[in-house]
Amino acid sequence: MHRVITLEQEQILISKKIGKDKKMIEIVEKKKCSGCTACYSICPIKCIEMKEDKEGFKYPLVNQNECIFCGKCIKICPFINENFSENILSVYGCQSKNKDILIQSASGGFFSLLAEYIISVGGVVYGAVYNDKFEVIHERFDDQNGISKLRSSKYSQSEKSDIFERVKNDLKNSKKTLFSGTPCEISGLKRYLQDENENLILVEVLCYGVPSPKIFREYLEYLEKKEMSKITKINFRSKDVGITSLKIEFENGQIYKRNSSEDFYYNSFFSCVNMRPSCYDCKSNNHRSGADLTLGDYWGCSNKFKMWDENKEGVSLVIIRTSKAEIYFELLKDKINYKETSLEHAIINNKSIVESCKENPLRDNFFKNYKLRMK
């Protein structure tokens, strides 16, 4: 009895046969992988797995016995291919007029207003949230109740799983889709999708670097053991304590409050000792991610605009890069207090716009001994 194969199976077999001379994604230098998951998502036979290394960062690993050497993973990798170039149409500082949103947001609340609008017109929003274990993951929301989970900063690399595929499916169904992420996540998604789509708005969040999810996980376990209680809430930008202060609440009612220099994990983040290796030479920052707009902190804005105090309430920096983003900004103007500014002024106190974080020479030592320093 002869085996009958479909045309698709035949094409896969042919690809596998001739594919020995073709390349597949292979991480030789860890500095050349941001963990964006574009290669993992594009693989047609799902033979790429994102594996966590000893530092807690995930890298693609190809099952060579299953790989058909189609080369799709190579063609979309942001580190292998040319970066996007972006325009800068205008730059603003702004704050939400809604005080509740402003207090709950890391900066000035612009993202929440944009997310609310997208959902109000039947769209969906993707962004980083905590799951029930306080791991940082990307999630999809289609109702207003989810927006509060997207607020405030999460200082750990996000687990994306099948998020890129879900975004693609929403766009196929003609849904207005907002995706927010770090520059490398924006670049990865844009390469994965390949085609421009008017329903998609890419919101780049200015990034200092992504710390190890493993160290974040183990640090939270250490705090729970020390407190003998489960964590119920984490806020790295708690404005009632200080805009760069950490506030952790526990089931037993205890509250842990520290500023960024006093807390072990927070300090390791700002000291750049626990960052992903690729963050020290980011290939997607400095106007290269392909985003529609960029959001971040407008540090130093009070030097120019006296009515604001960014260290108390927070002020959003909004960099408009496309006409699409310009339209959305116009739609939200009546909900914000805003001032047009210059990119040069914003860069003075927020170098993350154009620079990578500097590798700390103590990084290797930190990863070897962090458990001792936790105590």
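The values are calculated or read from the model by the stated rules, or taken from the named source; none is laboratory data. Because the structure is a prediction, the values reported are computed rather than measured. Neighbour counts run over all protein chains shown; Cβ positions are idealised from the backbone, glycine included. Side chains included, ligands, DNA and RNA excluded: accessible areas come from the protein's heavy atoms. Shrake-Rupley method; radii C 1.70, N 1.55, O 1.52, S 1.80 Å.
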Some residue of the stretch 304-311 being of a type in the set (Phe, Trp, Tyr) and either open to solvent by 40 Å² or more (accessible area, probe 1.4 Å) or without any contact (Cβ under 8 Å) to a residue 12 or more places away in the chain (or both)
no
From the options Glu344, Glu326, Glu262, residue that is among the charged types (D, E, K, R) and touching a strand residue (DSSP E or B) at 6+ places or on another chain (Cβ under 8 Å)
Glu326
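Among the candidates Leu372, Leu331, single out the residue that is assigned to a helix (DSSP H, G or I), in contact (Cβ under 8 Å) with a residue 40 or more places away in the chain and open to solvent by 30 Å² or more (accessible area, probe 1.4 Å).
On the way: Leu372 fails: in contact (Cβ under 8 Å) with a residue 40 or more places away in the chain.
The match here is Leu331.
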Within the stretch 124-149, work out how many residues are surrounded by fewer than 20 Cβ atoms within 10 Å (Cβ to Cβ) and not in a strand (DSSP E or B).
12
So which residues in the stretch 273-302 are outside any loop (DSSP other than H, G, I, E, B), in contact (Cβ under 8 Å) with a residue 40 or more places away in the chain and either aliphatic (A, V, I, L, M) or open to solvent by 10 Å² or more (accessible area, probe 1.4 Å) (or both)?
Met275, Pro277, Cys279, Tyr280, Asp281, Leu293, Leu295, Gly296, Asp297
Just give me the residues in the stretch 236-268 being open to solvent by less than 40 Å² (accessible area, probe 1.4 Å), assigned to a strand (DSSP E or B) and more than 20 Å from Lys225 (Cβ to Cβ), in sequence order.
Ser245
Within the stretch 169-184, can one find any residue that is in contact (Cβ under 8 Å) with a residue 24 or more places away in the chain and in contact with a His (Cβ under 8 Å, 6 or more places away or on another chain)?
yes
